[in-house]
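Trainee: One structure, pasted below without further comment.
The values are calculated or read from the model by the stated rules, or taken from the named source; none is laboratory data. All figures in this text were calculated on a predicted structure; none of them were measured in a lab. A quick note on method: Cβ atoms are made from the backbone with ideal geometry, for glycine too, and the neighbour counts reach across all protein chains shown. Surface accessibility is based on the protein's heavy atoms, side chains included, excluding ligands, DNA and RNA. Shrake-Rupley method; radii C 1.70, N 1.55, O 1.52, S 1.80 Å.
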Amino acid sequence: MIAQSRALALERATLAPGHSEPHARVPMTTANPLSGRVFEAIGRNQPFTPETHAALASEELVLEIERFDLWYGKSRALHAISMAVPRGKVTAMIGPSGCGKSTLLRSVNRMNDLIDSVRIAGEMRLNGDPIYAPGQDVIELRKRIGMVFQKPNPFPMSIFENVIYPLRIDGERDKHVLAGVCESSLRGAGLWDEVKDRLNDSALRLSGGQQQRLCIARAISAEPEVLLLDEPCSALDPIATGRIEDLIEELKGNYSILMVTHNMQQAARTSDYTAFMYLGRLVEYGPTDDIFLQPHLKETEDYISGRFG
Amino acid sequence: MSPTTTTEASAERKLARRRGAGQRRTSLFAHGEPLVWLTGGALALAVVMILGLLLLVLRQGLPTFWPSEVVQVSTVAGGVHAGEVADVDVYRPEAHVLDALPEAVAARARASLAERDGLSERRMLRTGNYELTGTHYTWVSDFELAEETRPEWILVVERLENGRFYGTPRSIAVQGTTTEGDAQLVWDQFERHHDAARERWQVKRELETVEIGEVNRLIEAARLELREVELAHGVDSEPWRAAQRELEQRTHSAEAEFQRLRREIDALTEAGRGSTLTLVSADGASTTLALEEIVRAYPANRLSTAERIGVYLSRLAEFLFDEPREANSEGGVFPAMFGTVLMTLIMAVLVVPFGVLAALYLREYAKPGAVVSAVRIAINNLAGVPSIVFGVFGLGFFCYIVGANVDELLFSAKLPTPTYGKGGLMWASLTLALLTLPVVIVPTEEALSAVPRSMREGSFACGATKWQTIWRIVLPRALPGIMTGMILALARGAGEVAPLMLVGAVKLAPELPLDTHWPFLHPERSFMHLGFHIYDLGFQSQNSEAAKPMVYTTTLLLIGIVVALNVLAIWIRARLRRRFQGSQL
């Protein structure tokens, strides 16, 4: 029901002719005095406090990001991001290209370590454990975090081997354990019925959508504490996209999901919380309903209704 | 002007432009058609050259074993020659050649020459009968020809020594009973008894080489033991005396065994002595040949096509599976073929892991920078170093330094005879491995860098370490590319000759580097190689005319082996590619 009304509101907002007056129809419960001048402040590089909704305070958290900065060489990609990701919920990150959503996502499992020029400041905590603490074992950390990428990236091996890859590299040899995990992960990713008879076929022969669900199965096979999805549907057709979205809906509750998306409808349909980012800053963060129906900041509303970006 | 008329005007201009396209306004070069011809022509030229090469080799190499007819010619000067036509040529005879002819004939010859502007055709006959004439070939010019026949019963006899013999059978003696006269009868007798004689010869040879070789090996082993004891404990020490007694004992028993073998061999020789074939050559000289020394004989002018094919196949089989004889210009090339394949495979086994490891470090671990670039440039340049330089390096480093030290340490008893301190299979393979290293590294690096970043990231995100990612994701994915490197290395290595001449390829190797004696593979042994064999046939042979067709046939075989090795590797690569690189999104 909620998702439906949300989608309706979105439709109204995005389909409305560009010249009409939006304020008349979307009620603004704005209390933030910066509303309307946020981009100006960002442009002048003034510090500002992101608008974080009160509803988040009551959530149990899986991931805490605290004043996180990141530089690629000399250019700064993230500006003091503070964000709390609730447990068992889907949190979407939206924002125009280059706003740092993917960078932030990749900072969670320290994938940015692979790039030499990256420097960071600030801290992130996964269930209380500092991610960037000196001496933190990155390999062990990554095993606690699942990640699905923009482009499906199955490995050049069989479907079975793909799914149990995280267990293989952990040295698990027990065939029963492996087979069990493979089945439950593939069921979890809604792929079991399609591939159960050809688990030993090359994963590369699957269709794009199946490959992406396989990647999800691989990501959840190690029972991660948080699942990172980096635009998981951007390379897929609408039908495959729909299946992935249904899957995200099903995974909700069992897994804490942090996803990046360019697709506003997708964020509206699948997520519980939405964060809007702009030029490396977190602008507004709150329950998806509030963000889409009654954002606190005019900038958020403008972005969601497609007036820029 | 209203917006509508603007649009109309521009549409008109566009139309006008398109109409103009009917005439040629762009220049010929802008169209690029001459370039199509240029590029296509270059490709066509390359293809023609390669096809030409293959055709030449096929044309020259394939007929080598074909038993052609034997012609018998008598010249006006009174000579009679019988043989196979090996070559046809047109030349301008010198005046003194004509002057030497009898007056009547010379006039006729001059007349026929004048008709053809002083040119005459001549044929080179393979006349054989080396022990009678001192030559294998004779040129016969058309103008000196008196009579040409194709005698029905002339035999082509291939034998162990002195090349072929061309002659008519007169008599055959088998175990003392002689059949004489009618050629058909003699030939029947020959066919009936030849195989048995050859078999006896084979047995004798087996005894001479294998059995006596075994006895010698035993004595040699005991001698080496004594020498080892001597090196360890000194002469006249207690263990030395024990070893000395042991050696004497073994030499004694070996001597008895040797005598037994000798008697067996003598008996076989005696048995063979009575079996001979007597032939009369075209000029009437008669020669008696031992049956067991005749490898093959056939009445060349009586053969049906099927029988000719039979002779062809029998010669081909001999070529492929037998050892060479007559200074390599006759017989087979099996040891050379074996050596080539074995050396190439050992080289591949050495170079591929080595090259892949080096490429892995360069691409995956080394921090890109000046040093890595310099190393990469150096590796690429290594591919351009003349191969003989590698040969010199192999000889100087592997044979004389490494090999000599190995000998010091492990084979000191055999010194001063070198074991590893000379050219051998191992050093040849290593030298070629070094030579082909860049050929493996470059494609491997390319294959590694072609592995999509997304796959590596996916693996890292699963919590894999760098090595796990390389081992489980990157290497399997890059395997087809690595195979490409291996294919190139095989092709390069199998065809290389120059460095091998320095590090172990020999004209004639008495033993194969792989046999039934522990440790089966003998990497220290010298070996034969097809490439070197070709060089040896073509330029070192005493009987170079007879060797010439063999050069082409051996070339053909070498090409065939390289192609076969490549096809095998390409097939494996195709399989791997299907497995590791399916449809990628």
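Residues checked against (1) within 15 Å of residue B:465 (Cβ to Cβ); (2) free of Cβ contacts under 8 Å to residues at least 12 places away in the same chain; (3) more than 7 Å from every other protein chain (Cβ to nearest Cβ):
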position	(1), (2), (3)
A:145	no, no, yes
A:152	no, no, no
A:165	yes, no, no
A:177	no, yes, yes
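Trainee: Testing residue B:123 on (1) in the same structural domain as residue B:281 (by TED's automatic domain parsing); (2) basic (Lys, Arg); (3) within 30 Å of residue B:81 (Cβ to Cβ), one condition comes back false. Which one is that?
Mentor: If we test residue B:123 against (1) in the same structural domain as residue B:281 (by TED's automatic domain parsing); (2) basic (Lys, Arg); (3) within 30 Å of residue B:81 (Cβ to Cβ), just (1) comes out false.
Trainee: I would also like to ask the following. Within the group A:97, A:185, A:117, A:102, which residue is more than 20 Å from residue A:248 (Cα to Cα) and within 14 Å of chain B (Cβ to nearest Cβ)?
Mentor: The conditions single out A:117.
Trainee: For the range A:284-295, name all the residues that are out of contact with any His (no Cβ under 9 Å at 6 or more places or on another chain) and either under 16 Å from residue A:261 (Cβ atoms) or buried (at least 24 other Cβ atoms within 10 Å of the Cβ) (or both).
Mentor: Passing the criteria: A:288, A:292, A:295.
Trainee: Scan the range A:154-163 for residues that are touching an Asp or Glu at 6+ places or on another chain (Cβ under 7 Å) and at the interface with another protein chain (Cβ under 8 Å from one of its Cβ atoms) and report the count.
Mentor: Residues in the range A:154-163 being touching an Asp or Glu at 6+ places or on another chain (Cβ under 7 Å) and at the interface with another protein chain (Cβ under 8 Å from one of its Cβ atoms): 0 in total.
Here's the yes/no breakdown for (1) within 18 Å of residue B:285 (Cα to Cα); (2) open to solvent by less than 50 Å² (accessible area, probe 1.4 Å); (3) modelled with pLDDT of 85 or more; (4) in contact with a Cys (Cβ under 7 Å, 6 or more places away or on another chain):
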position	(1), (2), (3), (4)
B:92	no, no, yes, no
B:124	no, yes, yes, no
B:130	yes, no, yes, no
B:149	no, no, yes, no
B:164	yes, yes, yes, no
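Trainee: Can you tell me how many residues in the range B:335-355 are open to solvent by less than 20 Å² (accessible area, probe 1.4 Å) and in contact with a helix residue (DSSP H, G or I) (Cβ under 7 Å, 6 or more places away or on another chain)?
Mentor: Residues in the range B:335-355 being open to solvent by less than 20 Å² (accessible area, probe 1.4 Å) and in contact with a helix residue (DSSP H, G or I) (Cβ under 7 Å, 6 or more places away or on another chain): 8 in total.
Trainee: Looking at residue A:278, is it buried (at least 19 other Cβ atoms within 10 Å of the Cβ) and more than 30 Å from residue A:199 (Cβ to Cβ)?
Mentor: yes
Trainee: Scanning the range B:417-475 for residues that are touching a helix residue (DSSP H, G or I) at 6+ places or on another chain (Cβ under 8 Å) and among the basic types (Lys, Arg), which turns out modelled with the lowest pLDDT?
Mentor: By that ranking, first place goes to B:422.
Trainee: Does the range B:453-471 hold any residues that are more than 7 Å from chain A (Cβ to nearest Cβ) and open to solvent by 20 Å² or more (accessible area, probe 1.4 Å), and which are they?
Mentor: Scanning the range B:453-471 gives B:453, B:456, B:466, B:467, B:471.
Trainee: Hey, among B:106, B:46, B:42, B:114, which residue is crowded, with 16+ Cβ neighbours inside 10 Å, in a helix (DSSP H, G or I) and not β-branched (Val, Ile, Thr)?
Mentor: B:106
Trainee: Now a separate question. Do you know which of the residues in the range B:411-452 that are part of a loop (DSSP other than H, G, I, E, B) and within 14 Å of another protein chain (Cβ to nearest Cβ) is least open to solvent (accessible area, probe 1.4 Å)?
Mentor: Applying the filter and picking the extreme gives B:451.
Trainee: Among the candidates B:348, B:383, which residue alone is modelled with pLDDT under 90 and within 27 Å of residue B:529 (Cα to Cα)?
Mentor: B:383
Trainee: Among the listed residues B:479, B:530, which satisfies the condition of being crowded, with 21+ Cβ neighbours inside 10 Å and under 30 Å from residue A:146 (Cα atoms)?
Mentor: Answer to the check: B:479.
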